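What follows is a single structure, written as structure tokens, with notes after it.
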Amino acid sequence: MRDSPSQENHAKENIKTKENIKMSQTKKYFFYALPLLLVLAFSAFSFWTPVPSVQARSNHADVAVDTASVTLAELPSEARATLQLIKQGGPFPYARDGLVFKNFEKILPKQARGYYREYTVRTPGARNRGARRIVCGMPLECYYSSDHYRTFKRIRE
């Protein structure tokens, strides 16, 4: 027995409605899945992309490790005076001298917390502490920074 034309049309409409529902669900899943796929792809790309070692350990794009060292004779006279005070144990002219340097930039070799101490190098003409510092660990391992921790040079004696 054959269905009437109205029943056939009704059946075709039901099929089209089910297909439309299925299509809209597929679009919905695609709409939500696409951003997730893009995030995953970007994460994988950024994870596997090599990063220069200086930048990989630094929070600041403009921080750099200067692997060069500096001799006492090459240091400014104010830095040599600060180094002498460090060896003597003070007294230091600035209240923040001798405080723990936390190495947030991770430029200096990794050490236990509290290993490094920072000291101000007087800057002629500056109304504040200026940008020059000496950071030391014990036994006496000191680094000079002329640009407020952006670069360091190991002090050779």
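The values are calculated or read from the model by the stated rules, or taken from the named source; none is laboratory data. The structure presented is a predicted model; accordingly, all values stated were derived computationally and were not measured. With ideal geometry, Cβ positions are generated from the backbone for all residues, glycine too; neighbour counts draw on all protein chains shown.
Taking segment 96-157 as the region of interest, the strands (runs of 3 or more DSSP E) fully inside it that hold 2 or more residues being without any contact (Cβ under 8 Å) to a residue 40 or more places away in the chain and in contact with a helix residue (DSSP H, G or I) (Cβ under 9 Å, 6 or more places away or on another chain) are 116-120. Would you call residue 80 of a type in the set (Lys, Arg) and at pLDDT 90 or above? For residue 80, the condition - of a type in the set (Lys, Arg) and at pLDDT 90 or above - is met. Of the residues that sit in segment 67-126 and are polar (S, T, N, Q) and in contact with a Lys or Arg (Cβ under 9 Å, 6 or more places away or on another chain), which one is surrounded by the most Cβ atoms within 10 Å (Cβ to Cβ)? The qualifying residue surrounded by the most Cβ atoms within 10 Å (Cβ to Cβ) is 82.
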